[in-house]
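Trainee: The structure that follows is given in the form of C-alpha cells.
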Amino acid sequence: MNTEIARCLILACGNTLREDDGVGPFLASWAEERFSASPNVRVLIQHQWTPELSAEIAEAQTVLFIDCAVNSIPGSVTLAPVEAAAETPRLFTHHLDATALLALARDYYSAQPGQALLLTIGAASLQLREAFSDTVSAALPEAQRTLEEAVLSLLDTARQRK
Amino acid sequence: MSQTITIDPVTRLEGHGKITVYLDDQGNVENAQFHVTQVRGFEKFSEGRPFYEMPSLMARICGICPVSHLIASAKACEAIMSVRIPHTAAQLRRMLNLAQMIQSHALSFFYLSSPDLLLGMESDPATRNLFGVVGANPQLGRGGVALRRFGQHIIELLGKKRIHPGWVIPGGVTEPLEQAKRDEILGMIPEAYANIKLALDWYKQIADSFKPEADVFANFPSLFMGLINEDESVEFTDGALRLIDPRGGIVADGITSNQFPEVIGEAVEPYSYTKFAYYKPLGYPEGSYRVGPLARLNIAQSMGTPLADIELKQFKQLALGPVQSSFYYHHARLIDILYGIEKIEQILTDPLILDKHVRATAGVNRLEGTGQAEAPRGTLHHHYKVDENGLITWANLVIATGQNNNAMNKGVLQAARHYVKNGKFTEGILNRVEAVVRTFDPCLSCSTHALGQMPLAISLVSSDGELVDQAIR
C-alpha cells in the first residue's frame, strides 16, 4: 500500500470530542508537523485501533503507539517498551490495544518491528468537550518533549538495523 | 415452568443488542425477540441546524458506514437546493460509497463471521475470532485484512480520513481527484481482485457444509427491496428502489426518494429502540421486507460488471426464485465486494474522472428534501424539512437495520425454535442464534442513531418470568 517503508510508524488513537481522550491524536498531529520534512515518519490517527493496522505495523521498522491512559495518574507521561501479547484477546473487532496489534502483526505477517514503544498520558477527564483538562494541558510540553525524543530514538534504531 | 434465555450482549455486531428467548412449560421456544438497547436522537438534535451541516452531522451516526449517511444526506440537501451535481462528482461519490461498502463487508465477513464459517459454530469461543482465523487459514485472514485496508485507503485518499471524511458536501465534493491518487488506487486493484477471488472460492467450497444452518437462519418468504438502475443492474448511489415479492414478482418499482415516505412506514415495538419498516400498502407486519446484499442480488437481473455477473448467475442458482435464507447474505456480500472492485476500476477509467468541476452551488430553493443510497447493509433514506433560512425543522432517517428488523426477529425465533429443545442449550446453540443476526450485519448504532460501545447479550426466561440463564460477553 505504501511506496516507502516507514522507519518510524506513529499510531495514535482517541476521540477529540472527549476531552483528554483526544490527547493521542493531538500529539500525533504535532509529531506529523514536527517531522514533516522526514519521509521516514508515518503518522496514522484513528478513533480506535483496528485489526488492519497490523499490516501497517508489519511494514514498519519501529512503532510508537500514543494513547491516553485512564488508569494512570492524571497528567503523568509514560514511555515504555511494548511487546506482542503472548495470549490473544478473546473479543475484538473494533478496537485493539498495542499488544494485540503487535500480536496480530506477528501471527498474520510473521513480522515484528525492531522496537515498539507506548506513550501514554494519564487522563483527568473524558467529558464531551473539544479541549483538554488543565492537568493534561499542563503535561503537554513534557509529552511533546518525550514524544520528540522517542521518535528520534526510534529513527536511530531503524537506521542501525537497516 | 416456562423459562427465558437471554443473549446479552450479542457479540460481533455493530452496536448494542440483546436476544431474549421465552420458553414454554415444556422448555420449548415460545417466542424470541431481538432487542436493540441503545438510544440516541440524531433526528431531534439536528433541529435548528443549517441544512448544509447535515452531511457531516449525520455521518457521525456511525463509524462503519459514515459515507452512506454523507451521501444520502447530501442528496437530501441537494433536493432542498434543487441542484444536479456534476457528473464527475457523482462518479467520485459512487467510488467512495463502493470503497466504504468493501471495507464494511470485509469487516462483516472476515472479522465477524468467518470465525464461525472457518472454525465452526461449536468451536471454542476463546479462539473463534480473527486470531483463530489466522491459525486455520492465514491466507484467508490476510486477504480479509487487505480488503478492508483497500476500502479504507481509498476513503482516506479521497476524503483525507478513514472515518468521517468531510469530502462529500451538498452540491458535490470539496476537491477533484488527483491523477497520482487515481494511479495509486488503480495500482491496488489487482491485489484486491486476488483477495476476493480467494474468499469466493473458499466460501463456495465450505458453503454446503452449512446447509443445516442455511435451512433455519431466517429462511422464510419475504419481500426484498433495494436500489436498481433502469437496465435492472445493481446500484448503490443513484437509481430508484424496487420491491419484489417472495416469488420475484415486482411489487413496486422506480420508487424515488421523494416517493419513499408515501410507500414505506415505520412501526414501533415496545422491546426495541429500532423501528420496524414496512411497505405501507401491505401494512405492518405483513409489509415487512429485507434489504442489503441478499435483497440487492434478489431484485437485480445483473450486476453490470463482468466478473460479478458470472457470480450472480451462480448465486441465482441457489433457488428457483429469490434466495430466501439469510445465511446467503454472506455469499451476496462477497459478490458485492467483487462488484465494488470492478466498478471502482471502471470509474477510474472514466475520461472525465479527473475533471475539476465537482461542485454545484445554490441556496434554499425548496423547503423539503429527501435522499437515498445503498449502505453496505441496505437502503438508507434521509428526509429533511427546513425553514426559509435553511434551518432544519424536522428530520427522519430510515436505516437499513430498521428495514431488516422484522426479518431479524423472525429469524432469531426460527433458529431458537429449531435449536433450543426442552430448555437445553449449549454455547454453540447460542452462537447459532447470534449468528442469525450476524448474517444481516446489522448496524445498531445506525438503527438507533446511537452512541457507545458495541457488545450484545441471550436470556432464557421461564413462563413465570424467571431468568433461568444468561450469556453475557
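Read-outs throughout are calculated quantities, based only on the coordinates presented, and are distinct from any laboratory measurement. Only a predicted model underlies this, so the values are computations on that prediction, with no experimental measurement involved. Here Cβ is always computed from backbone atoms with ideal geometry, including for glycine, and neighbour counts include all displayed protein chains.
Trainee: Using 1/(1 + (r/R0)^6) with R0 = 30 angstrom and r between the beta carbons of B:Asp464 and B:Lys44, what's the FRET efficiency to the nearest 0.05? Display every interim value, and only then the final one.
Mentor: Working: r = 39 Å, r/R0 = 1.28.
Using R0 = 30 Å, I get an efficiency of 0.20.
Trainee: Given a Förster distance of 30 angstrom, what is the FRET efficiency for B:Thr174 paired with B:Glu230, based on the Cβ-Cβ distance and rounded to 0.05? Please list the in-between numbers first.
Mentor: Numbers: r = 30 Å, r/R0 = 1.00.
So, using R0 = 30 Å, E works out to roughly 0.50.
Trainee: Let me ask you something else. Could you work out the local net charge near A:Gly22, counting Lys and Arg as +1, Asp and Glu as -1, over the other residues with Cβ closer than 10 Å to its Cβ? Provide the component values of the computation, followed by the final result.
Mentor: Numbers: positive: A:Arg18, A:Arg129; negative: A:Glu19, A:Asp20, A:Asp21, A:Glu130.
In short, -2.
Trainee: Let me check against my output: what whole-number percent is the relative contact order of the stretch A:8-161, with C-alpha pairs under 8 Å and at least 6 apart? Kindly include the intermediate steps, with their values, before the conclusion.
Mentor: Details: 318 pairs, mean separation 50.3, N = 154.
Computed value for the stretch A:8-161: 33 percent relative contact order.
Trainee: Go through the stretch B:292-303 residue by residue and turn each phi into a ³J(HN,Hα) via Karplus (6.51, -1.76, 1.60, θ = phi - 60°); whole Hz please, and just put x for glycine and proline.
Mentor: After applying 6.51 cos²θ - 1.76 cosθ + 1.60, I find x, x, 4, 5, 4, 6, 5, 7, 8, 8, 8, 8 Hz.
Trainee: Could you sort out which of B:Lys44/B:Lys280; B:Lys316/B:Lys343; B:Lys161/B:Lys410; B:Lys161/B:Lys356 sit more than 29 Å apart by Cα distance in this structure? Provide the component values of the computation, followed by the final result.
Mentor: Working: B:Lys44/B:Lys280 24 Å; B:Lys316/B:Lys343 21 Å; B:Lys161/B:Lys410 38 Å; B:Lys161/B:Lys356 21 Å.
Those over the limit are B:Lys161/B:Lys410.
Trainee: Kindly give Rg over Rh for the stretch B:71-213, based on alpha-carbon atoms, with the Kirkwood expression for the hydrodynamic radius. Mind dumping the intermediate values first?
Mentor: Numbers: Rg = 18.5 Å, Rh = 17.0 Å.
Rounded to two decimals, Rg/Rh equals 1.09.
Trainee: Taking θ as phi - 60°, what are the ³J(HN,Hα) couplings along the stretch A:32-39 by the Karplus curve (6.51, -1.76, 1.60), each to the nearest whole Hz, with x for Gly and Pro?
Mentor: Coupling constants for the stretch A:32-39: 4, 6, 4, 10, 5, 7, 9, x Hz.
Trainee: Could I ask something else about it? Quick one: pull the percentage of alpha-carbon pairs in the protein assembly as shown with a separation above 33 Å. Could you put the intermediate results ahead of the total?
Mentor: Details: 92315 of 201295 pairs.
Beyond 33 Å sits 46 percent of the P(r) for the protein assembly as shown.
Trainee: Okay, next question. Can you work out the Karplus-derived ³J(HN,Hα) for every residue in the stretch B:209-215? Use 6.51 cos²θ - 1.76 cosθ + 1.60 with θ = phi - 60°, whole Hz, and x for glycine or proline.
Mentor: Result, ordered by residue: 5, 9, 4, x, 5, 4, 5 Hz.
Trainee: Debye sum, Cα scatterers, the stretch B:220-323, no solvent: what log₁₀ I/I(0) at q = 0.11, 0.19 1/Å?
Mentor: The calculated log intensity ratios at q = 0.11, 0.19 Å⁻¹ are -0.35, -0.94.
Trainee: Between the stretch A:118-162 and the stretch B:118-139, what is the separation of their alpha carbon centroids in Å?
Mentor: 36 Å
Trainee: On to the next question. How well do other chains shield peptide B:108-117, expressed as the mean number of their Cβ atoms within 10 Å of each residue Cβ?
Mentor: Values: counts 1, 0, 2, 6, 2, 0, 0, 1, 0, 0.
Going residue by residue through B:108-117 and averaging, the value is 1.
Trainee: With a cut-off of 8 Å between alpha carbons and a minimum separation of six or more residues, what is the relative contact order of the stretch B:139-232 in percent?
Mentor: On the way: 38 pairs, mean separation 26.3, N = 94.
Computed value for the stretch B:139-232: 28 percent relative contact order.
Trainee: Looking at the protein assembly as shown, send over the antiparallel percent of its DSSP beta bridges, to the nearest 5.
Mentor: So the antiparallel bridges amount to about 65 percent of the total.
Trainee: Next question, about the same structure. Hey, can you grab everything whose amide H is under 5 Å from the amide H of B:Gly172? Only 5+ residues off in sequence or another chain; H modelled, so Pro and N-termini drop out.
Mentor: B:Ala360
Trainee: Share of antiparallel DSSP beta bridges in the stretch A:8-161, in percent to the nearest 5?
Mentor: Details: 5 of 25 bridges.
Of the beta bridges lying entirely in the stretch A:8-161, close to 20 percent run antiparallel.
Trainee: A further question follows. Test of the criteria: in the stretch B:318-391, which trypsin sites (Lys or Arg not before Pro) are in a DSSP loop and have at most 15 other Cβ atoms within 10 angstrom of their Cβ? Before the final figure, lay out each step's value.
Mentor: Values: sites: B:Arg333, B:Lys343, B:Lys356, B:Arg359, B:Arg366, B:Arg377, B:Lys385; in loops: B:Lys356, B:Arg366, B:Arg377.
Sparse-neighbourhood loop trypsin sites (Lys or Arg not before Pro): B:Lys356, B:Arg366.
Trainee: Same structure, new question: Round to a whole angstrom and tell me the spacing of the C-alpha centers of the stretch B:283-307 and the stretch B:363-392.
Mentor: Here the two parts' Cα centres lie 23 Å apart.
Trainee: Find the Rg to Rh ratio for chain B, where Rh is the Kirkwood radius over alpha-carbon pairs and Rg uses the same atoms.
Mentor: 0.96
Trainee: For B:Ala252, enumerate residues with amide H under 5 Å from its amide H, sequence gap 5+ or separate chain, H modeled in the peptide plane.
Mentor: Result for B:Ala252 returns B:Leu243.
Trainee: Could you give the distance between the Cα centres of the stretch B:216-267 and the stretch B:167-202, to the whole Å?
Mentor: 27 Å
Trainee: For chain A, modelled as a GNM with alpha-carbon contacts under 10 angstrom, which of A:Arg18, A:Arg106, A:Arg145 fluctuates the most?
Mentor: Evaluated over chain A, the most mobile residue of the options is A:Arg145.
Trainee: Also, quick follow-up: Counting Lys and Arg as +1 and Asp and Glu as -1, what is the net charge of the other residues whose Cβ lies under 11 Å from the Cβ of A:Thr135?
Mentor: On the way: positive: none; negative: A:Glu19, A:Asp20, A:Asp134.
In short, -3.
Trainee: Counting Lys and Arg as +1 and Asp and Glu as -1, what is the net charge of the other residues whose Cβ lies under 10 Å from the Cβ of B:His418? Don't skip to the end; give the middle numbers.
Mentor: Details: positive: B:Arg417, B:Lys421, B:Arg432; negative: B:Glu213, B:Asp215.
In short, +1.
Trainee: A further question on this structure: Assuming R0 = 25 Å, what is the FRET efficiency of A:Glu148 and B:Glu191, from their Cβ-Cβ distance, to the nearest 0.05?
Mentor: Values: r = 36 Å, r/R0 = 1.44.
Taking R0 as 25 Å, the efficiency between A:Glu148 and B:Glu191 is 0.10.
Trainee: What distance in nm lies between label points placed 7 Å from Cα along the C-beta direction at B:Ser82 and B:Asp387?
Mentor: According to this spin-label approximation, the distance is 2.2 nm.
Trainee: For a quick check: with amide H placed at 1.01 Å from N, whose amide H comes under 5 Å from B:His35's, ignoring anything fewer than 5 positions away on the same chain?
Mentor: B:Lys18, B:Ile19, B:Thr20
Trainee: Then there's this: As an exercise, identify the GluC sites (Glu not before Pro) in the stretch A:104-162 lying in DSSP coil whose Cβ has no more than 15 other Cβ atoms within 10 Å.
Mentor: Numbers: sites: A:Glu130, A:Glu142, A:Glu148, A:Glu149; in loops: A:Glu130.
Answer in residue order: A:Glu130.
Trainee: Scan chain B and report its longest stretch carrying no GluC sites (Glu not before Pro) that are both in a DSSP loop and have at most 16 other Cβ atoms within 10 Å. Kindly include the intermediate steps, with their values, before the conclusion.
Mentor: Numbers: sites that count: B:Glu47, B:Glu122, B:Glu178, B:Glu230, B:Glu232, B:Glu286, B:Glu388, B:Glu466.
Looking at chain B, B:287-387 is the longest stretch - no exposed GluC sites (Glu not before Pro) with at most 16 other Cβ atoms within 10 Å.
Trainee: To continue, here is another question. Out of the stretch B:131-165, which trypsin sites (Lys or Arg not before Pro) are coil in DSSP terms and have no more than 12 other C-beta atoms within 10 Å? Don't jump to the answer; show the numbers that get you there.
Mentor: Working: sites: B:Arg142, B:Arg148, B:Arg149, B:Lys160, B:Lys161, B:Arg162; in loops: B:Lys160, B:Lys161, B:Arg162.
Of the trypsin sites (Lys or Arg not before Pro), the ones in loops of the stretch B:131-165 whose Cβ has at most 12 other Cβ atoms within 10 Å are B:Lys160.
Trainee: Report Rg/Rh for the stretch A:8-161, rounded to two decimals, where Rg is the Cα radius of gyration and Rh the Kirkwood radius.
Mentor: Numbers: Rg = 14.8 Å, Rh = 15.5 Å.
Answer for the stretch A:8-161: 0.96.
Trainee: Can you work out D for the stretch B:45-131 in µm² s⁻¹ from Stokes-Einstein, where Rh is the Kirkwood radius over C-alpha pairs, the temperature is 20 °C and the viscosity is 1.002 mPa s?
Mentor: Details: Rh = 15.5 Å.
The Stokes-Einstein estimate is 139 µm²/s.
Trainee: What order, most packed first, do the peptides B:106-113, B:54-61 have when packing is the mean number of other Cβ atoms within 10 Å of each residue? It would help to have the intermediate numbers written out before the result.
Mentor: On the way: B:106-113: 25.0, B:54-61: 22.0.
With the highest mean Cβ count within 10 Å placed first, the list reads B:106-113, B:54-61.
Trainee: How many nm is it between the label spots at B:Leu320 and B:Leu354, if each spot is 7 Å from the Cα in line with the beta carbon?
Mentor: 5.4 nm
Trainee: For the stretch A:100-162, just say rounded, prolate or oblate: build the C-alpha gyration tensor, square-root its eigenvalues into a ≥ b ≥ c, call rounded for a/c under 1.5, and beyond that prolate if a/b exceeds b/c, oblate if not. Don't skip to the answer; put the middle values down first.
Mentor: Details: a/c = 4.51, a/b = 1.67, b/c = 2.71.
Oblate.
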